[in-house]
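The structure appears right after this line, and notes come after that.
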Amino acid sequence: MTVISFTNLKGGVGKSSTAAHFIYWLSAVKKKKVSVVDADGQGSTSTWLESLELNIPIQRITDPDTLAEEIPRLEEDVDYVVVDNAGNLGEATRCTLLTAKIAVIPVTPSGLDLVSAAAAVKMVRQIQKARNGLPKAGIFINRGIKNTKLLKEAQELLGQLEGVTAFKQIIYQRQAIADAFLQRTTLWGMRGTQDGAADYQKLFNEILRLAK
């Protein structure tokens, strides 16, 4: 079916929190069959998901050769395989991009993170040349602060990147997103977080449209 890989050069950009919410949304809200590969040695996504008791298969795999073998096998039995990569562009990340249909790149609106995102886009474009345009890539702004100059500049920069779709939906900075992991839930399980959950849903629908 469809392999969706969350990728970036560095950690701390919200890759795992977005991946965990996306997986929850696919499984609990959209009722899709999902398999998860946590390729990040920190294991944040798999730890988070196990606390949610979603009853979905979760594999912790960081070895590049094993990733190359296991992801296509997992793909046969589910609607989506979601991969959370490590915060680097090493061989494991390259292996997941060689099997993925979609690469999702989160970026925070800061100079250093925008440079890191550009490096991730560069790797994706190299792989696209070898795979006839795959994986399709989408990039989005995470932890944006409304009505700031930095957010506007980041939006303009992402719109100029070649080989990647700049998703329209921004995930704004919210304390509830940071709290969700410790509370062993997602925004869908918290009070007063409807706006944040709605933002995630709009972003996730953009990702699925890219996958068609």
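What follows is calculated from the coordinates using simple rules that are stated; it is not laboratory data. Not measured: the values here are computed from a predicted model. Here the Cβ positions follow ideal geometry from the backbone for every residue, glycine too, while neighbour counts run over all protein chains shown.
GNM, the chain, Cα, under 10 Å: largest mean-square fluctuation among T66, T185, T165? Top of the fluctuation ranking is T66. Across the range 14-48, the residues whose backbone nitrogen lies under 15 Å from the label position 7 Å along the beta-carbon direction of L150 are 14. Full extension of the segment from K31 to E50, taken as 0.36 nm per residue of separation minus the current Cα-Cα distance, would add 5.1 nm.
Per-peptide packing, taken as the mean over residues of other Cβ atoms within 10 Å, places 79-86, 188-195 in the sequence 79-86, 188-195 from highest down. Packing here is the average count of other Cβ atoms within 10 Å per residue, and on that basis the peptides 22-31, 143-152, highest first, run 22-31, 143-152.
Where both bridge residues fall in the chain, DSSP classifies roughly 0% of the beta bridges as antiparallel.
Label sites at V115 and A198, each approximated as a point 7 angstrom past Cα along Cα to Cβ, lie 3.8 nm apart. Within the range 124-196, the GluC sites (Glu not before Pro) that combine a DSSP coil assignment with at most 15 other C-beta atoms in a 10 angstrom radius are E162.
Mean sequence separation of contacting Cα pairs (under 8 Å, at least six apart), scaled by the length of the range 2-211, corresponds to a relative contact order of 23 percent. Working note: 222 nm ellipticity from helices only, DSSP H runs with n ≥ 4, each -39,500 (n - 2.57), summed and divided by the residues of the chain, gives -13500 deg cm²/dmol to the nearest 500.
Maximal additional length on extending the D79-Q175 stretch stands at 31.4 nm, based on 0.36 nm per residue less the C-alpha distance. Its Cα centre serving as origin, the chain has a Cβ charge dipole (Lys and Arg +1, Asp and Glu -1) of approximately 800 debye. Positive-end ranking of Q155, I58, T96 along the dipole of the range 2-211, with charges on Cβ about the Cα centre, is headed by Q155. Specify the inter-centroid distance of the range 182-209 and the range 36-97, based on alpha-carbon positions, in whole Å. A separation of 21 Å, based on Cα centres. Checking (i) -0.66, -1.35; (ii) -0.81, -1.15; (iii) -0.76, -1.49 against log10 I(q)/I(0) by the Debye sum over Cα atoms at q = 0.13, 0.18 Å⁻¹ calculated from these atoms, the matching label is (i). Taken along its principal axes, the alpha carbon cloud of the range 98-166 reaches lengths of 39, 16, 16 Å, longest axis first.
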